[in-house]
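Shown next, in structure tokens, is the structure this report addresses.
Read-outs: derived from the displayed coordinates by stated rules, not from any lab. Since we're looking at a predicted model, the values are computed, not measured. A quick note on method: Cβ atoms are made from the backbone with ideal geometry, for glycine too, and the neighbour counts reach across all protein chains shown.
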Amino acid sequence: MWHTEVRRHTRHNFVVNVLDGAFFGLGLGFASTVTVIPLFINSLTDSRLLIGLIASLHVIGWQLPQLLTAGRVARLRRYKPMVLWMTIQERWPFYGLALVALLVPTLGKDWSLPLAFVLVAWHSLGGGLTATAWQSMIGKIMPAERIGTFFGTQSAAANLLASGSAVVAGFLLFTVAPPYNFALCFLLTGVFMTLSFGFLAMTREPEHPVAQAGDSGHAAWGQMVAILRRDANFRWYVVARMLSQVAWMAISFYTVYAVTRFGMSEEAVGVLTGLLMLVQALANPILGWMGDRWGHRTIYVLGALMMTASAVLALLAPEAGWLYAAFALAGSANAVLWSIAMSFTLEFGVGQEKPLYIGLANTLVAPVTLVAPVIGGGLADAFGFHVPFLLSVLAGLATAFLLNFVVRDPRQRLVETLPTPLVAPLPGE
């Protein structure tokens, strides 16, 4: 059976996919959506609303397309071909950003700004078009009892290297004359993401049987509607994820807040981003391991409380030194929002319904993801940063409450179904 072949390649797939994430993170540190890209956009416009939109584009691009591809993914016998084709779309735009940055003196800000936004949006949408197939592939090739550990290890490798490249990016922004500083950062991102693609392509994924492979996309949409109608626990989980996007919104304003309120240099901001990613790297495998053993819901609650504490520190900071603690807590919270949230989502649904749950869990929160930072930027423009930070605090507390007291942990049901194949067996198996 294909399950046996998957188990035989677990170690290989673990290694190559961790390396994929590591080099992806190494590249992304040079073009961080928390620092480098916002600073690049800030060099083209002084609108805080547009700077806040960068964070929205990054996350909504990841979330929104997942529901659109879920039906197709549910009918695939192998996820890897779709993953490879779609992930190209999230990697090449950085070469385009390098070119735009280099040509800013020629194109002018009026042309450079929209081109930069198009490329950032393309990168983000490419990630979203890849996401459902990629998560489904990981859920297939990794044993269920090691999902949290895998996501934690991969994220740790990505963030550890990203923390170093973020510091180097801050040094480049400070020492290399514009526009060559931004162009060099984006070029390095493209190169390292190309290397990560090579490791991803080495994934070994056998074919799995798919029941009713000829079903149309319309049938998948009907299944998704049925899931929302019958699974009240999943609906509350989606609400909690919506609130979490508001809670984590404050992070997108931390760097601009550090520069505008405390006058921190680009180099110092690079160190702060490096700290955030370093803490995230250290927290990811620990929290993933804890989630595998004590439940991903419990760790998700802890992450919401850490994000709340981070926003409180930023809100009350009397001096720049407080931001180091705020960034460190945000790094731990980010580890939860990424690896723990994905691990927890994979506990909902079985068989061919799993990609549908993945798509629903991510796409339904996309409108909130888009609106929250934009509203936060508008509030910051009108009243100052304390208002969006306070909003993040309240949303973080609400997220923790829902996850702890309303959402039931589906882990036990998942464990009970582990002996059953995740998809219908072929005749004769």
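Quick look at the numbers
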read-out	value
Gain on full stretching of the segment that runs from Arg204 to Ala325 - 0.36 nm per residue minus C-alpha separation	39.4 nm
Two-decimal log10 I(q)/I(0) for the range 287-405, as the Debye equation yields it once each C-alpha is a single scatterer, q = 0.16 Å⁻¹	-0.85
Extension gain from Thr4 to Trp221, taking 0.36 nm per residue of separation minus the Cα-Cα distance	74.9 nm
Kirkwood Rh, angstrom, the range 209-301 [1 / mean 1/r, Cα pairs]	17.6
Cα-only radius of gyration and Dmax that characterise the range 10-153, units Å	17.1, 54
Thr106-Phe401 pseudo-label distance in nm [points 7 Å out on the Cα-to-Cβ vector]	5.6
Axial C-alpha extent at least 27 Å, average Kyte-Doolittle at least 1.0 - helices from the chain (DSSP)	147-175, 180-200, 296-316, 386-405
Spin-label model distance (nm) - Arg229 vs Phe262, 7 Å beyond Cα toward Cβ	5.3
Sum of -39500 (n - 2.57) over DSSP H runs of 4+, divided by residues of the chain (222 nm, nearest 500)	-25000 deg cm²/dmol
Neighbour-count ranking [beta-carbon atoms within 10 angstrom, fewest first] of His296, His386	His386, His296
Residues Phe383 and Val15, FRET efficiency given R0 of 51 Å [Cβ-Cβ distance, rounded to 0.05]	0.55
